[in-house]
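The block underneath contains the structure these notes are about, expressed in structure tokens.
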Amino acid sequence: CFGFPLSIFFIVVNEFCERFSYYGMRAVLTLYFKNFLKWEDNFSTAIYHTFAALCYLTPILGAIIADSWLGKFKTIVYLSIIYAIGQVVLSVGSISDLTDYNHDGSSDAIALNIALSVIGLILIAFGTGGIKPCVSAFGGDQFEDDQERQRSIFFSLYYLSINAGSLISTIVTPILKATECGIHSKQQCYPLAFGVPAILMAVALVVFIMGSKMYKKVKPQGNVILEVSKCVGFAIKNRFRHRSKEFPKREHWLDWASEKYDKRLIAQTKMVLKVLFLYIPLPMFWALFDQQGSRWTLQATAMNGDFGFHVQPDQMQTANALLIVIMVPTVNYLVYPLIEKCKINFTPLKRMTVGMFLGSLAFVAAALVQVQIDKAYPVFPAAGQTQIKLINLGVAPATVQFQPQLQNVSVGPNEETGYMAFETSKLQSLHIISASQNKTELLEVLEGHRYTLAFKWNLTEINSNLIWDNITSKPEGANNRIRFINNFASTVRVTMDDEDFGELDPLSASNYTIVLGFFFFRAYTINVSTPLTYCTVASKKFGYGSAYTISVDHCTENKLNITYFEDIAPNTVHMAWQFPQYFLLTCAEILFSVTGLEFSYSQAPSNMKSVLQAGWLLTVAVGNIVVLIVAGASILDKQWAEYVMFAALLLVVCIIFAIMASFYTYVDPNEIEAKFSEEEKEEDKKDRDDNEKEAEADSRM
């Protein structure tokens, strides 16, 4: 079809569906750990990076299985089945109703959800990692030797399908997650967010199998990774056997493998090890890069995502994919040519060094954003403390004295104070003075909790109510927590849209309820009804991450009068402030990752490229292991400090890499291979000449 083997279209569609499945699932994974499985931030981050590390360790296993036993086609099919099963298991594990036996909206056997989720992720890691080195190589196998142009176009389409799948899924799955679903209670729909990627993985498998009869299937021919490993192992073992001084030294330690392996393989292995040595510092870059899906997503949950339309925290990862599409051609066709015209020798290793430096700057930018977020973050009670806020719902000013002689606070009519912290053991009572009335309130409070004291002077006495504020953290993303307090003289029923807050006695408050604003921020309709009246009013737009106590005061011609008391301020730092760090990290990725692969392939023999690919993927795995160790240890209690630490570590590694790179000598593998080919031809010619002479001598006899 248009000069291409028809089979490659099945492979491209398969790759699009598989990447949609993988990146769609991974986009919501960190928030799934935190919000559904109720893991804290550090543990969620550690498990996320454990999964990512496993995804990049298993490609080596997949390559060995494909090249040594099953072949690429069977390996892809069998591991894709495991992959699809893993997606289904993960989706089932995210169903809250599965273990919600008492129908209260929370899991009663969360261990089952965790077990299913972990099993699903392990199967996915083996599936996606195992097929990673096989699919692109299998696509390349479909072309003849004289189809270089078509093969090049195929790889462009192949990588386009990867970016398209990841970009679309990273936009779509957070939206699916944000919808509400459930049999007994409505909550974020993780089964749908994981279920759609599971369906796409099943489609990928079916599409791939449909093209079975059209594929060119190359039989397993042995794995070069195993050959190189055996060669290196034999050289080390042989050198150890001949470690005494009576054996003469050899030019290179790998030359000790010459007793068993030919010179060409030894020379090729030397070239590969020379490049792999440069890989040693590289994991630190990936330790920072892969935090887009963990730490940076968690950072976005504390930011304002109102762009005129709602952006989910996990959708910010699309910034990287979008910038890649824009920046790759810009860098290749504008930046590099300009640098070349300026006669600057911007070698691949120099590009990688600059990429590391930009990655470090990206985390400095993330730290600066985090500092601004932390400034606006509410302070909750420390150990041994209790916080109390005062709300004066009356028409007269008041003074509140905390006993014994702790603090005097003045509160105007229909006003509030901020939360005030007291040592719980010293807080005994408070005395309220308003107009000509006064009242003493005994306090029975618990340490580590917040309370609101609502009071009101009503001519003859002061009424008050100490309310426990059952909120211990700032709402995340577009979530807001809303409660109502009744400032009427009689009992009222309060509703907001379809949410019923129940009947409230005078000065009593409802529980906090999560108000979701997913696709746009609209006004809600607040209704108050009594046996004699019914009045309504439109709410304000609550923003992101806020908590409000709304006082329903009185009705005027069926219009409800209300007062907002801000318990937790909405997020003030906009998600757009993450764009600089994403821009810097994307530029770093282009300079580091794209150039690194190009450099590696240019410095390795043609039959050794899979070894370097395995080594490259291994650096990604080790980088993720670095993050999970840091997150697990949790040595820093401030997130901005952790960002600065990672930035400093990468800067140090950048300097080390620059020094190592300065000693590297570029080689042309084709020249070296051509030299060996010439030597082999000469040896073959010499052997033929010797055989001919022997045959001639035999004939004379």
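So that you can scan it fast, the table gives a plain yes or no per residue for (1) touching a Leu at 6+ places or on another chain (Cβ under 6 Å); (2) basic (Lys, Arg); (3) assigned by the TED database to the domain that holds residue 355:
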position: 619; (1), (2), (3): yes, no, yes
position: 625; (1), (2), (3): no, no, yes
position: 629; (1), (2), (3): no, no, yes
position: 632; (1), (2), (3): no, no, yes
position: 638; (1), (2), (3): no, yes, yes
- Message: Out of 12, 92, 88, 77, I need the residue that is modelled with pLDDT of 90 or more and closer than 20 Å to residue 142 by Cα. Which one?
- Response: 77
- Task: Scan (1) among the polar types (S, T, N, Q); (2) in contact (Cβ under 8 Å) with a residue 24 or more places away in the chain; (3) part of a helix (DSSP H, G or I) for the single condition residue 185 breaks and write down its number.
- Result: (3)
- Checked against (1) open to solvent by less than 60 Å² (accessible area, probe 1.4 Å); (2) not in a helix (DSSP H, G or I), residue 173 satisfies every condition except (2)
- Message: Suppose we filter 611, 626, 652 for residues that are in a helix (DSSP H, G or I), open to solvent by less than 30 Å² (accessible area, probe 1.4 Å) and out of contact with any Gly (no Cβ under 6 Å at 6 or more places or on another chain); which single one remains?
- Response: 611
- Task: Starting from region 544-560, keep only residues that are among the acidic types (Asp, Glu), then list their pairs with residues that are assigned to a loop (DSSP other than H, G, I, E, B) and surrounded by 14 or more Cβ atoms within 10 Å (Cβ to Cβ) whose Cβ atoms are within a distance under 6 Å, requiring at least 6 positions of separation or different chains.
- Result: 553/487
- Query: Which residue pairs have Cβ atoms closer than 8 Å, lie 6 or more positions apart in sequence or on different chains, and pair a first residue in region 518-532 that is closer than 30 Å to residue 172 by Cβ and at pLDDT below 80 with a second residue that is among the acidic types (Asp, Glu) and buried (at least 16 other Cβ atoms within 10 Å of the Cβ)?
  - Reply: 521/306
- Log entry, pairs with first residue in region 88-108 being in the same structural domain as residue 120 (by the TED database), second being of a type in the set (Ser, Thr, Tyr) and open to solvent by 40 Å² or more (accessible area, probe 1.4 Å), beta carbons closer than 6 Å, six or more apart or on different chains, reads 108/101
- Determine which single condition residue 427 fails, assuming it passes every other condition in (1) buried (at least 17 other Cβ atoms within 10 Å of the Cβ); (2) touching a Ser or Thr at 6+ places or on another chain (Cβ under 8 Å); (3) modelled with pLDDT of 90 or more. (3)
- Item | Residue list for region 302-311, restricted to those being under 22 Å from residue 48 (Cβ atoms) and open to solvent by 10 Å² or more (accessible area, probe 1.4 Å) | 302, 311
- Message: For region 229-239, give me the residue count where each residue is charged (D, E, K, R) and either farther than 17 Å from residue 64 by Cα or not in a helix (DSSP H, G or I) (or both).
- Response: 2
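Results for (1) modelled with pLDDT under 90; (2) open to solvent by less than 30 Å² (accessible area, probe 1.4 Å); (3) of a type outside the set (Phe, Trp, Tyr); (4) part of a helix (DSSP H, G or I), shown as yes or no for each residue.
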residue: 260; (1), (2), (3), (4): yes, no, yes, no
residue: 265; (1), (2), (3), (4): yes, yes, yes, yes
residue: 275; (1), (2), (3), (4): yes, yes, yes, yes
residue: 289; (1), (2), (3), (4): no, yes, no, yes
residue: 297; (1), (2), (3), (4): no, yes, yes, yes
residue: 330; (1), (2), (3), (4): yes, no, yes, yes
- Message: Of the conditions (1) part of a helix (DSSP H, G or I); (2) buried (at least 19 other Cβ atoms within 10 Å of the Cβ), residue 641 satisfies every one except a single condition; which number is it?
- Response: (2)
- Query: When the residues of region 456-499 are filtered to those that are under 43 Å from the mean Cα position of the chain (by Cα) and β-branched (Val, Ile, Thr), which remaining residue is surrounded by the fewest Cβ atoms within 10 Å (Cβ to Cβ)?
  - Reply: 472
- Quick one: count up the residues across region 452-500 that are among the acidic types (Asp, Glu) and in a strand (DSSP E or B). 3
- Being closer than 21 Å to residue 98 by Cα, of a type in the set (A, V, I, L, M) and not in a strand (DSSP E or B) narrows it down to one of 226, 192, 200, so name that one. 192
- Task: Give region 299-317 a look and list any residue that's under 21 Å from residue 372 (Cα atoms) and in a loop (DSSP other than H, G, I, E, B), or say none.
- Result: 301, 302, 303, 305, 307, 311, 312
- Conditions (1) open to solvent by 40 Å² or more (accessible area, probe 1.4 Å); (2) touching a His at 6+ places or on another chain (Cβ under 9 Å): number failed by residue 188: (2)
- Here the residues within region 383-421 that are in a strand (DSSP E or B), open to solvent by 20 Å² or more (accessible area, probe 1.4 Å) and among the aliphatic types (A, V, I, L, M) are 420, 421
- Could you list all residues from region 27-55 that are within 20 Å of residue 84 (Cβ to Cβ) and either open to solvent by 30 Å² or more (accessible area, probe 1.4 Å) or modelled with pLDDT under 90 (or both)? 54
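The values are calculated or read from the model by the stated rules, or taken from the named source; none is laboratory data. Note that this is a predicted model, so its numbers are computed, not measured. Cβ sites come from the backbone with ideal geometry, for glycine too, and all protein chains shown count toward neighbours. Areas reflect the complete protein model, heavy atoms only, side chains present, ligands, DNA and RNA absent. Shrake-Rupley method; radii C 1.70, N 1.55, O 1.52, S 1.80 Å.
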